[in-house]
Amino acid sequence: MAEEIFLSVVIPAHNEEHRLPSTLRRLQEFLPTQGYSFEVIIVENGSSDGTRMVVEQARPGFRQLQLLVVPRAGKGLAVRTGMLASRGAYRFMCDADLSMPIEEVGRFLPPKVAADVAIGSREASGARRFGEPTYRHLMGRVFAQAVKLIVLRGFEDTQCGFKCYRARAAHDVFARQVLEGWTFDVEDLFLARRLGYSIVDVPIPWYYQAESRVRMAADSLRMLADLVRIRVNWMRGNYDLSQASAPSQPAP
């Protein structure tokens with residue numbers, strides 16, 4: 001019988017050979033001190049650098065570390081793969097740069113959070129931002145308004161890369177996810193709400209990392225198109241909400 005895992009940490013990694021070594025060291029130093037069982041799943045997706053080798057080299061001294069390989073790029077694809085492969089009662093997705101220090105993961109777990117889905121927010125009361133250029137913050141605010149207008153009301157920061165799902169919610173949501181790019185976060189939260197799962201914002205300290213993977217112009221246009229795609233998919237009945245673990249409680 002497989003060992004019961006309390007926390008799964010899922011990290012998508014596309015061309016992350018430079019940032020991953022430090023991140024893996026921090027995870028290996030911190031997580032064993034927390035008194036619960038855990039696993040760390042790195043999902044390497046379509047990298048052209050030594051990302052896979054970095055993980056392989058770290059595995060002998062880090063028994064809780066796993067590597068999954070996806071042949072093509074796409075953050076949404078990588079996260080979906082990792083979340084569905086996880087065994088944890090709580091499944092925490094985070095960015096490879098640890099722009100929120102891993103020491104803050106307790107904010108997303110019991111007893112501090114009792115919801116099915118906890119999403120890191122850089123806009124909630126008590127959140128702090130460090131070093132972010134003004135233009136990037138403004139771009140984020142524009143996208144947040146578009147999310148509320150087209151798809152999902154009630155959230156000011158859907159795109160923060162730090163989110164935690166209970167196992168049941170993770171299975172039901174990620175099994176239905178369609179988008180494979182940056183906008184998957186919005187789709188997943190939309191599905192979670194439609195499936196009746198409880199969602200809470202978690203204010204976090206967030207440190208801007210200059211080595212961003214987002215291409216502001218091209219990716220912004222693609223993400224706006226994805227918002228329309230989510231709405232169209234819903235209107236056409238493309239999201240099958242049958243056989244879900246939680247009762248469906250459609251939101252307005």
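What follows draws every value from the coordinates through simple rules; no lab data is involved. The shown structure was predicted, so the numbers you read here are calculated from the model rather than taken from an experiment. As a convention, Cβ positions derive from the backbone with ideal geometry for all residues, glycine included, and neighbour counts pool all protein chains shown.
Applying 0.36 nm per residue to the separation of Ala114 and Lys148 and subtracting their alpha-carbon distance, the gain on full extension is 9.8 nm. Amide H contacts of Arg129: Trp206, each under 5 Å away and 5 or more positions distant or on a separate chain (H built 1.01 Å from N in the peptide plane; Pro and chain starts excluded).
Computed over the alpha carbons of the range 82-188, Rg followed by Dmax gives 14.1, 39 Å. For the chain, the residue among Met235, Ala175, Leu65 whose Cα projects farthest onto the positive side of the dipole built from Cβ charges is Met235.
Beta bridges per DSSP, both residues in the chain: antiparallel share near 20 percent. Rg/Rh for the range 5-235 stands at 0.93; both radii use Cα atoms, and Rh follows the Kirkwood definition. Taking every Cα-Cα distance in the range 16-129 and sorting them into 5 Å bins from zero, the calculated P(r) comes out as 2, 10, 20, 24, 22, 13, 7, 2, 0 percent.
Check cross-link reach from Lys112 to the aspartates and glutamates: straight Cα distance under 15 Å, and skip same-chain residues fewer than eight apart. Qualifying aspartates and glutamates at Cα under 15 Å: Glu103, Glu104, Asp201. Could you tell me the calculated FRET efficiency between Thr134 and Ser48, based on Cβ-Cβ distance and R0 = 41 angstrom, to the nearest 0.05? The pair Thr134/Ser48 has a calculated efficiency of 0.80.
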